[in-house]
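Okay, so here's the structure we're looking at.
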Amino acid sequence: MFGKKLPPDQSARQFYAALMESQCHISWAIFSTPTQNKFAEWALEELARRNPEAVETAQLSMKEVKLLFSRNDSILMKYFWRRFFFSSAAAEIFRLGYFSTDSIKAGKAIVKVTLRYPNGQVRDIGLPMVEERSGWKLAYVENNLPF
């Protein structure tokens, strides 16, 4: 299914499924461009904070960091994806969530994720999606979702 244009709800579900399987390069591809830019910036700052000599020696820039994301690099698994996984409640969303497209208008969509807990509690969350780069992308940072 990767690479094929999916409806917003299936794209959002694919994002979390890939994350659960540590196929983070797929999740990365489903982030919107502004989200990719912000997270690449954050990752570069974090890497520079932790090991400034290595970043300087390797002459890491945003372009290289984005390449690391697209290649599922182990450094980013440790410093970025682990944090993202826990702060975003990815496991809860994937395991308990039922995804449906709530609305689509002018290249934007809201995917409703209905979380059904074992105790019978039900909670809905909305995931903002944008149509860009030939598919539906998760507009994560543009909508101040938790990180």
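The values are calculated or read from the model by the stated rules, or taken from the named source; none is laboratory data. None of the values given here were measured: they were computed from a predicted structure. For neighbour counting, all protein chains shown are included, and Cβ atoms are generated from backbone atoms with ideal geometry for every residue, glycine included.
Observations on the structure shown:
- Residue within region 1-10 that is of a type in the set (Gly, Ala, Ser) and assigned to a loop (DSSP other than H, G, I, E, B) present: yes
- When ILE93, ILE110, ILE104 are checked against the criterion of being in contact with a Ser or Thr (Cβ under 6 Å, 6 or more places away or on another chain) and closer than 17 Å to ILE30 by Cβ, ILE110 stands alone in meeting it.
- Considering residues of region 1-11 that are within 13 Å of VAL111 (Cα to Cα) and touching a Gly at 6+ places or on another chain (Cβ under 9 Å) only, the residue modelled with the highest pLDDT: SER11
- Single match in LYS78, LYS137 (criterion: among the charged types (D, E, K, R) and surrounded by 14 or more Cβ atoms within 10 Å (Cβ to Cβ)): LYS137
- Boolean, VAL113 is at pLDDT below 90 and among the aliphatic types (A, V, I, L, M): no
- Residues in region 97-109 that are among the aliphatic types (A, V, I, L, M) and in contact (Cβ under 8 Å) with a residue 24 or more places away in the chain were compared, and the one that is surrounded by the fewest Cβ atoms within 10 Å (Cβ to Cβ) is ILE104.
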